[in-house]
Structure formats: C-alpha cells, structure tokens
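> My structure is below; once you've seen it, I'll send some questions.
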Amino acid sequence: MFEARLVQSSILKKVLEAIKDLLNEATFDCSDSGIQLQAMDNSHVSLVSMNLRSDGFDKYRCDRNISMGMNLGSMTKILKCAANEDVVTMKAQDNADTVTFVFESPNQEKVSDYEMKLMNLDQEHLGIPETEYACVVRLPAGEFARICRDLSQFGESVVISCTKEGVKFSSAGDIGSANIKLAQTSNVDKEELAVTVEMQEPVTLTFASRYLNSFTKATSLSNVVQLSMSPDVPLVVEYRIGEIGHIRYYLAPKIED
Amino acid sequence: KKAQPKLTNFFCKG
C-alpha cells in the first residue's frame, strides 16, 4: 500500500506545472524515503530530476517500493480539480494499475476522489555523476525567468558567461543582439533578492532558449534558482520545493559545429 | 552554427 498526504495541494499542482511542458509522461518512483522522478524530454536534450522527501509529507506510507507510470496530461487535469487549499492524498495498492487522488476541502465538507490508470513506462535511468561545478550562480527565480523570456526573442540560443564579477546572458539573431549582465549583489537585506557567484574558474556555455524557458515553469516553486555550470557538461537549473525537495533540470550545452 | 548534442553524450544509461 502506498499513501502520501500533502496539506498543500498547491505544491503538487506547481510541480506538475513545472514538468508537463517538457514531459508527456513520467514514472513516480516511490520508496520509504520519498518520491523520485527522473525523465528526459522527447529530444533527449534535457532531463528532469525531482525528489520529494517522505518527511515533507503530512502522512507517508510505502510498504513496498512502487513505480507509477503517470500520464502527466491526465494528472494535470486531475490536479486542476483540486483547490489550492485542499489537502491532497495520493494512494495506490501494491502492484496496482491505478492511482487514486483524494482532495479534501479544509473544512472536510467536500471530499473528491479521482482514479487514474497507470502506464507501463520503460525506465531509462541516466547516471548523473556528482560534479564539482566551476561556477554556481544563485539569483532570484523571477529574474531568471524574465531574462530567459526577454532573450528568447533575439535568438534560439543563450550564451551564459560567468566570472567572479557576475554572470552575463547574451543572445543574437536576425533582429540584433542583447546582453544582460548581473553583478554579484553586495549586501542585500533579503536573501532571495541576492545574486551570488561561487566561481572556481570562469565558464562560458551556450544553451537552447526554448529549454531554458521550459525550465522557468518551475518559478512558482521557489524564490531562488541555482545555475551550476562547468565547461562542456550539462547545465543544472535547480529550484527548491519548500522544505520537501527539489526539481533539477539538466540541459546539454550546444557545441561548435 | 552550434550543434545540439544529446544528454546521453554526457550521462551514461543505467
């Protein structure tokens, strides 16, 4: 029996919002440590890795490890039926072929349950090596989303170059070119407004704008986003999910042809 | 022109 109860259904709604553009379906791997998801988009250029720890749930029971193949379009439709302040419970019998979502209104006057068929998805798991990144940038998530959106109007690629002074985002195309430079903030009163750069060595990498824009769908989950870069390895874009976990997006850099 | 490699060029399966 698997059962996971979350008082804030908005977390699960935002997680679906953050992955449904990139992935049509994904396997939720549930164990007693929590729920993990790892899936590449159809082009195999980007990957989503999500982790929701069991201790972040209000109630969590997982008698035996269970992998639930979910159609994310269907799951999104079901989660749209939950109000933000509803309590959501996901539950499935062992080796079940369906999963049930129960939404309870705060005053318990309305209880809804939705049963969704599970899919048999072949699991192609990628080994992601632990990496000491040359540059780790933390900046306001809203700022990053704004930069990706503005620059994607200029070209299909964004060049991110990171030095100890700060980080520069550039794009060029038919209409012209654009550069956005963010300096490291010195002393900001609020942590979530800071721009910080931890640099071992300067890095300049080129990425496809459309994937960066898909990643920023996770902006509602966290005030801060973290970009980790090293020469010639995939970019990591990480959003924390409250105190319960994180979503990490990996994107292969473009290379000189 | 920049080429777009796949993630499987960087991460191994399994």
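> In deg cm²/dmol, rounded to 500, what helix-only [θ] at 222 nm does chain A give when every DSSP H run of at least 4 residues adds -39500 (n - 2.57) and the total is split over its residues? Don't skip to the answer; put the middle values down first.
Numbers: 4 runs with 37 residues, N = 257.
Computed ellipticity for chain A at 222 nm equals -4000 deg cm²/dmol.
> While we're here: Within the set A:168/A:190; A:20/A:91; A:14/B:1; A:13/A:168; A:14/B:13; A:168/B:13, which residue pairs have Cα atoms separated by over 27 Å? Can you show the working numbers first?
On the way: A:168/A:190 22 Å; A:20/A:91 21 Å; A:14/B:1 36 Å; A:13/A:168 32 Å; A:14/B:13 29 Å; A:168/B:13 33 Å.
As for pairs spanning more than 27 Å Cα to Cα, those are A:14/B:1; A:13/A:168; A:14/B:13; A:168/B:13.
> Quick one: A:44, A:246, A:125, fewest Cβ neighbours within 10 Å first, how do they rank? Please report the intermediate quantities before stating the final value.
Values: A:44 15, A:246 18, A:125 12.
Ascending number of Cβ neighbours within 10 Å: A:125, A:44, A:246.
> Among rounded, prolate and oblate, which fits the stretch A:47-177 when a ≥ b ≥ c are the square roots of the eigenvalues of its C-alpha gyration tensor, a/c under 1.5 means rounded, and a/b larger than b/c means prolate?
Working: a/c = 2.30, a/b = 1.93, b/c = 1.20.
In terms of gyration-tensor shape, prolate.
> Related question: Report, to the nearest 10°, how far helix A:141-151 tilts away from the longest principal axis of the Cα atoms in chain A, using its own Cα long axis and a range of 0 to 90°.
60 degrees
> Then there is this: Mind running the shape call on the stretch A:130-192? Use the C-alpha gyration tensor, a ≥ b ≥ c as the square roots of the eigenvalues: rounded below 1.5 for a/c, prolate if a/b tops b/c, oblate otherwise.
Numbers: a/c = 2.08, a/b = 1.55, b/c = 1.34.
Prolate, since a/c reaches 1.5 and a/b exceeds b/c.
> Short version: ³J(HN,Hα) in whole Hz for each residue of the stretch A:209-224, in order, from phi by Karplus 6.51 cos²θ - 1.76 cosθ + 1.60 (θ = phi - 60°), x for Gly and Pro, what are they?
Once θ is set to phi - 60°, the couplings for the stretch A:209-224 become 4, 5, 6, 4, 5, 5, 5, 6, 5, 8, 4, 5, 7, 8, 6, 10 Hz.
> Which of rounded, prolate, oblate describes the stretch A:184-257, given a ≥ b ≥ c as roots of the alpha-carbon gyration tensor eigenvalues and a/c under 1.5 marking rounded, otherwise prolate only if a/b is larger than b/c? Let's see the in-between values first.
Working: a/c = 2.20, a/b = 1.30, b/c = 1.69.
In terms of gyration-tensor shape, oblate.
> Can I ask one more? Any idea what the dipole of the stretch A:38-128 comes to, in debye rounded to 20, about its Cα centre with Lys/Arg Cβ at +1 and Asp/Glu Cβ at -1? All intermediate terms of the calculation are to be shown ahead of the outcome.
Numbers: 9 positive and 14 negative charges, 7 e Å.
Roughly 40 debye, rounded to the nearest 20.
> Could I ask something else about it? Using the Karplus curve 6.51 cos²θ - 1.76 cosθ + 1.60 with θ = phi - 60°, what ³J(HN,Hα) values do you get for each residue of the stretch A:112-120, in whole Hz, with x for Gly and Pro?
In residue order, the calculated couplings are 10, 10, 10, 9, 10, 5, 8, 10, 8 Hz.
> OK, next. Return the long-range amide H neighbours of residue A:203 (sequence gap of 5 or more, or a different chain), with a cut-off of under 5 Å between placed amide H atoms.
The answer is A:162.
> A further question on this structure: With a 10 Å cut-off between alpha carbons and a GNM built on chain A, which of A:241, A:128, A:78 moves the most?
Of A:241, A:128, A:78, the most mobile in the Gaussian network model is A:128.
> Now, a different point. What is the mean number of Cβ atoms from other protein chains located within 10 Å of the Cβ atom of each residue in peptide A:42-52, rounded to a whole number?
Mean partner shielding for this stretch: 2.
> When only DSSP loop residues count, what trypsin sites (Lys or Arg not before Pro) in the stretch A:187-240 have their Cβ near at most 16 other Cβ atoms within 10 Å? All intermediate terms of the calculation are to be shown ahead of the outcome.
Working: sites: A:190, A:210, A:217, A:240; in loops: A:190.
Listed in order of number, the matching sites are A:190.
> Percent of Cα-Cα pairs per 5 Å bin, from 0 to the last occupied bin, for the stretch A:103-257, please list those.
2, 8, 15, 18, 18, 13, 8, 6, 5, 4, 2, 0, 0
> In addition: Quick one: if you stick a label point 7 Å off each Cα along the C-beta vector at residue A:177 and residue B:12, how many nm between them?
Reported label-point gap for residue A:177 and residue B:12 is 4.0 nm.
> Whose amide H sits under 5 Å from the amide H of residue A:34, counting only residues 5 or more places off or on another chain, with H placed in the peptide plane?
Result for residue A:34 returns A:54.
> Size of the dipole of chain A about the Cα centre, Lys and Arg at +1 and Asp and Glu at -1 on the beta carbon, nothing else charged, in debye to 20?
Working: 25 positive and 37 negative charges, 114 e Å.
My answer is approximately 540 debye.
> Among the GluC sites (Glu not before Pro) in the stretch A:91-123, which ones are in a DSSP loop with at most 14 other Cβ atoms within 10 Å of the Cβ? Mind listing them?
On the way: sites: A:104, A:109, A:115; in loops: A:109.
Sparse-neighbourhood loop GluC sites (Glu not before Pro): A:109.
> Once phi is turned into θ = phi - 60°, what whole-Hz ³J(HN,Hα) does the Karplus curve with 6.51, -1.76 and 1.60 give for every residue of the stretch A:78-90, x standing for Gly and Pro?
Result, rounded to whole Hz: 5, 5, 5, 7, 9, 7, 4, 8, 6, 8, 10, 10, 9.
Just so you know, all these numbers are worked out from the coordinates, no wet-lab data involved. Quick caveat, the model's predicted, so the values are computed rather than measured. Don't worry about glycine lacking a Cβ; one is built from the backbone with ideal geometry, like all the others, and counts go over all protein chains shown.
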